[in-house]
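Each remark here refers to the structure printed beneath this line.
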Amino acid sequence: MDADSRNQEKIRLARRTVQLVLRLGLALAVVLMMAGLAIRLASGDLTAQGVPLFRLFGNQRPGEDLMALGLLVLAAVPPLRVVSLLILWCRERDTRFVLVAITVVAVLLLAVAAGGG
Amino acid sequence: MDFDLFNLVGLVVLGLLAGWLGAVIGIGGGIVIVPTLVLLFGLDIRVAVASSLVAVVATSTAAGSAYVGEGLANMRLGMSLEIATTLGGVTGGVTAVLLPESVIGVVFAAMMVVTATLMARKREESERAPLRPVRTGEVAAASPKEGWEQRGGLGGAYYDAHLGTLVTYRAQRLHVGSAVSFFAGILSGLLGVGGGFMKVPAMNLGMGVPIKVAAATSNFMIGVTAVSSLFVYFARGFIHPLVAVPVVLGVTGGAVTGAFMSQRFAPGIVRWILVVTLLALAVQMGLDAFGVSLGR
């Protein structure tokens, strides 16, 4: 296998990995949200209320926990995609983009800290 | 707020429309969701912004997955711009409660008019520029229909179904894209939009990236931008699951449909959809800034 073919194979692996992270994360989030919404519809309680991040669980309204968990899983997908690419570029020894991905992860951690503060 | 089944169906339909538009023209769809939730559903704008940010993440995730598979999104270019866009997102989210929205609205409307004008004046020929030769360090595609991206750099190629050929490109002036991405991130955090309406022209006009790659890469990175400010809204209780979930479910369906349809659109059509959308939203933003809202 020549260098071009190996590089092309790495590009395919990166695409497949990112696709897998995005699709699995989205699918899990959608299943959780649909289940929560179905439970809520069945209960007949259609009052909308805010659910703070740090009091996510233990809600009294039926299905609220599942819907909130689905939203949280969805919010975790983009950061997971960044981490997946970081790992793949580490394996490729693409130093420039490893540093770029580490910087993005650092900013996202800052965002979580800012949200909690 | 009490909803009924009719309201919930309306939220799903809104999501479907926003997701389709977002995937086809490279914006997160949030720019449709926020005004609709405020004007038609009577929700607090912060709840609308928070719901929109979640929908933006769903749009980017669904459409980004399709674009990555087609080799349209340039992941290295997207990650490079994400440094600036996430910094902007955090800044926008944290300062959202401090700045008067009317000030941002005026700047926002003016910027959209300028961007729409530049996009409208862009000549069709630039979409059909001669292909650049593949240089050492890049890789030739194993299949003539398979796109690729340069290891260690910001170049790549994509297969354009409309032209029927592989188009190579090399992104330039990263500082221009980064500067615009930072401001796009701030607006994303403040207004709940993806910021694609700024990033796509910046990549296309400022960095020399073909518009289809720019739209796909923008869609790919919009989710990370939205998440950087979403946690601020989430922590403060502005996420209402009964509002956000139906919108997100609709957006997911619309985004998947739109992503597959975008490859069958001519670049000119994609650009004109973007121009018309920007002008319409600029009018709305301008009216809002002066306290005039249509339908309220």
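The values are calculated or read from the model by the stated rules, or taken from the named source; none is laboratory data. Keep in mind that this is a model prediction, so the values were computed, not measured. Ideal geometry is used to build each Cβ from the backbone, glycine not excepted, and the neighbour counts take in all protein chains shown. Just so you know, the surface numbers come from the protein's heavy atoms only, side chains and all, with ligands and any DNA or RNA stripped out. Shrake-Rupley method; radii C 1.70, N 1.55, O 1.52, S 1.80 Å.
Residues of the stretch B:276-295 being among the hydrophobic types (A, V, I, L, M, F, W, C), modelled with pLDDT of 70 or more and surrounded by fewer than 19 Cβ atoms within 10 Å (Cβ to Cβ), which ones?
Selection gives B:V276, B:L279, B:A280, B:V283, B:L287, B:F290, B:V292.
Looking only at residues that are open to solvent by 10 Å² or more (accessible area, probe 1.4 Å) and assigned to a helix (DSSP H, G or I) in the stretch B:216-253, which one is nearest to A:D45 (Cα to Cα)? Before you say what the answer is, go through the steps one by one.
So in the stretch B:216-253, the residues open to solvent by 10 Å² or more (accessible area, probe 1.4 Å) come out as B:231, B:233, B:235-238, B:240, B:249, B:252-253.
Subsequent filtering for residues that are assigned to a helix (DSSP H, G or I) retains B:231, B:233, B:235, B:249, B:252-253.
On the way: B:F231: 27, B:Y233: 24, B:A235: 24, B:L249: 19, B:T252: 25, B:G253: 25 Å.
Ranking the qualifying residues of the stretch B:216-253, first place goes to B:L249.
From the list A:V77, A:V73, pick out the single residue that is of a type in the set (A, V, I, L, M) and either within 9 Å of chain B (Cβ to nearest Cβ) or part of a loop (DSSP other than H, G, I, E, B) (or both).
A:V77
Would you confirm whether any residue within the stretch B:20-34 is aromatic (F, W, Y), open to solvent by less than 10 Å² (accessible area, probe 1.4 Å), assigned to a helix (DSSP H, G or I) and modelled with pLDDT under 80? Step through it out loud before you land on a result.
Start the filter on the stretch B:20-34 by keeping residues that are aromatic (F, W, Y), which leaves B:20.
Add one more test, that the residue is open to solvent by less than 10 Å² (accessible area, probe 1.4 Å), and what stays is none.
No; the residues of the stretch B:20-34 include none that is aromatic (F, W, Y), open to solvent by less than 10 Å² (accessible area, probe 1.4 Å), assigned to a helix (DSSP H, G or I) and modelled with pLDDT under 80.
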